[in-house]
Ligand code: PMP
């Protein structure tokens with residue numbers, strides 16, 4: 001049976017594919033080391049679990065308001081105002097969605113159209129390397145992806161000059177993800193203010209409907225050298241910025257499938273209203289009892305959050321040190337999130353012990369899984385230009401696994417011919 005062109009053109013998620021393969025191998029008894037999954041190895045904090053169980057026992061099991069219940073939206077608006085400094089956010093500027101993925105999906109659906117002709121296709125500027133789902137999701141909504149290639153030398157960050165040169169009348173969205181998956185780099189407040197100035201200027205001149213989508217999912221997983229800053233806090237672009245966040249990574253709540261999007265002022269109400277219409281015609285609302293857990297996480301779990309953050313900070317040091325000592329592996333120090341994105345290109349063109357030719361990261365990762373039972377995500381889907389030189393490893397796992405992984409990777413590399 002024929003399927004839609006939309007689906008036929010869509011690539012499956014490579015991170016989800018690696019995660020599922022590693023989980024299936026593990027379930028069949030194979031001792032696979034999984035560095036693929038971008039999810040904390042911690043449990044959801046007890047106060048969050050208790051709050052959800054109490055909500056179920058109180059029969060909070062019915063449909064709730066489409067954008068999320070009042071108490072949760074009021075709390076999120078307050079936190080965005082007080083902790084992130086984003087102006088003009090009220091309960092009417094928030095929508096709670098089924099994961100950050102859905103918040104992004106609805107955002108792109110609300111901003112892009114399938115154009116009548118190719119020349120009219122609107123663009124999304126995407127600093128790369130970037131997380132694998134941004135581009136496919138935006139393309140599905142009708143966007144043309146324009147990659148802004150960043151380099152390890154520039155800490156994988158775009159500069160104001162690079163952004164200015166890329167913005168044109170067809171630009172609709174510029175996407176930021178700080179801290180970043182897969183680079184674990186972060187923009188400083190002054191860097192974001194300089195980028196905001198370029199965006200504000202372009203918005204007044206060549207690109208009046210330019211929007212910023214800021215994915216801040218790793219906001220709380222930061223290791224101290226750079227303080228997290230929300231670009232939506234810059235007043236001159238607040239009313240063209242959609243800030244996206246969720247509890248999955250910070251509070252070890254990936255499986256709860258919750259996230260949210262917010263905007264400021266009239267713009268914020270209008271975009272959140274559009275997303276609410278889409279949600280009303282798709283999932284209706286998220287489960288109300290799960291929002292009790294989110295409120296507890298955000299207000300009662302600062303000790304658990306700090307314990308997990310500190311553990312990630314230690315692991316960041318460990319993996320950076322161990323991988324950096326391997327021959328032909330170039331790795332940047334992670335300063336937020338829980339990934340490393342080492343450059344393994346010195347080993348491309350070599351052959352693995354089992355006779356596999358390593359032409360790119362995809363072949364490197366496949367051989368590493370087959371021959372060393374170690375799952376990493378090949379870099380190709382993070383950047384069409386430089387991805388093939390990199391692999392992504394999540395360090396949301398314990399220190400023993402990090403040590404064993406570095407050992408296996410070292411042995412693999414040493415045996416290449
Ligand atoms: N954005 C980024 C940058 C991510 O790394 C991820 C998950 N890996 C997501 C969004 C998706 O988050 P969620 O699981 O809440 O849908």
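Here are the numbers for the structure shown:
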item	result
Residue in the stretch 319-337 that is out of contact with any helix residue (DSSP H, G or I) (no Cβ under 6 Å at 6 or more places or on another chain) and within 22 Å of residue 20 (Cβ to Cβ) present	yes
Of all residues in the stretch 245-257 being near the ligand (Cβ under 8 Å from one of its atoms) and out of contact with any helix residue (DSSP H, G or I) (no Cβ under 6 Å at 6 or more places or on another chain), the one that is nearest to residue 180 (Cα to Cα)	249
Looking only at the stretch 258-286, and only at residues there that are within 13 Å of the ligand (Cβ to nearest atom) and touching a strand residue (DSSP E or B) at 6+ places or on another chain (Cβ under 6 Å), the one that is nearest to residue 108 (Cα to Cα)	261
Filtered residues of the stretch 363-383 (kept if surrounded by fewer than 18 Cβ atoms within 10 Å (Cβ to Cβ) and more than 27 Å from residue 398 (Cβ to Cβ))	363
Residue count for the stretch 339-348, restricted to those that are part of a strand (DSSP E or B) and buried (at least 21 other Cβ atoms within 10 Å of the Cβ)	2
Residues being assigned to a loop (DSSP other than H, G, I, E, B) and either closer than 16 Å to residue 128 by Cα or in contact with a helix residue (DSSP H, G or I) (Cβ under 7 Å, 6 or more places away or on another chain) (or both) - total across the stretch 349-391	11
Every residue from the stretch 249-270 that is buried (at least 23 other Cβ atoms within 10 Å of the Cβ) and more than 15 Å from residue 91 (Cβ to Cβ)	249, 251, 252, 253, 256, 258, 259
Which numbered condition residue 150 misses (of (1) away from the ligand (no atom under 16 Å from the Cβ); (2) free of Cβ contacts under 8 Å to residues at least 40 places away in the same chain; (3) over 19 Å from residue 218 (Cα atoms))	(1)
Test result for residue 147, within 19 Å of residue 333 (Cβ to Cβ), out of contact with any helix residue (DSSP H, G or I) (no Cβ under 6 Å at 6 or more places or on another chain) and outside any loop (DSSP other than H, G, I, E, B)	no
Matching entry among 138, 165 (being more than 16 Å from the ligand (Cβ to nearest atom) and not in a loop (DSSP other than H, G, I, E, B))	165
Pick from the stretch 109-125, criterion touching a helix residue (DSSP H, G or I) at 6+ places or on another chain (Cβ under 6 Å) and not in a helix (DSSP H, G or I), ranking: farthest from residue 343 (Cα to Cα)	124
Count of residues meeting criterion [part of a loop (DSSP other than H, G, I, E, B) and closer than 24 Å to residue 382 by Cα] in the stretch 169-207	13
Among the residues listed as 19, 102, the single one being in a helix (DSSP H, G or I), within 16 Å of the ligand (Cβ to nearest atom) and surrounded by fewer than 21 Cβ atoms within 10 Å (Cβ to Cβ)	19
Check on residue 214, at pLDDT below 95, in the same structural domain as residue 174 (by TED's automatic domain parsing) and either more than 19 Å from residue 297 (Cα to Cα) or part of a helix (DSSP H, G or I) (or both)	no
Residue count, the stretch 35-58 (criterion: within 14 Å of the ligand (Cβ to nearest atom) and within 19 Å of the chain's Cα centre (by Cα))	6
Residue list for the stretch 331-348, filter: out of contact with any strand residue (DSSP E or B) (no Cβ under 8 Å at 6 or more places or on another chain) and over 22 Å from residue 412 (Cα atoms)	333, 337
Exclusive hit being closer than 30 Å to residue 313 by Cβ and touching a residue at least 12 places away in the same chain (Cβ under 8 Å), set 68, 38, 88	38
Qualifying residue in the stretch 197-207 (condition: touching a residue at least 60 places away in the same chain (Cβ under 8 Å), crowded, with 20+ Cβ neighbours inside 10 Å and either over 29 Å from residue 224 (Cβ atoms) or touching a strand residue (DSSP E or B) at 6+ places or on another chain (Cβ under 9 Å) (or both))	no
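Listed here are the residues, each with its yes/no results for (1) assigned by TED's automatic domain parsing to the domain that holds residue 86; (2) over 19 Å from residue 340 (Cβ atoms); (3) in contact with a helix residue (DSSP H, G or I) (Cβ under 9 Å, 6 or more places away or on another chain); (4) more than 15 Å from the ligand (Cβ to nearest atom).
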{"residue": "127", "(1), (2), (3), (4)": "yes, no, yes, no"}
{"residue": "133", "(1), (2), (3), (4)": "yes, yes, yes, no"}
{"residue": "142", "(1), (2), (3), (4)": "yes, yes, yes, yes"}
{"residue": "176", "(1), (2), (3), (4)": "yes, yes, yes, no"}
{"residue": "180", "(1), (2), (3), (4)": "yes, no, no, no"}
{"residue": "187", "(1), (2), (3), (4)": "yes, no, yes, no"}
{"residue": "229", "(1), (2), (3), (4)": "yes, yes, yes, yes"}
{"residue": "236", "(1), (2), (3), (4)": "yes, yes, yes, yes"}
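The values are calculated or read from the model by the stated rules, or taken from the named source; none is laboratory data. This is a predicted model, so every value here is computed, not measured. Here Cβ is always computed from backbone atoms with ideal geometry, including for glycine, and neighbour counts include all displayed protein chains.
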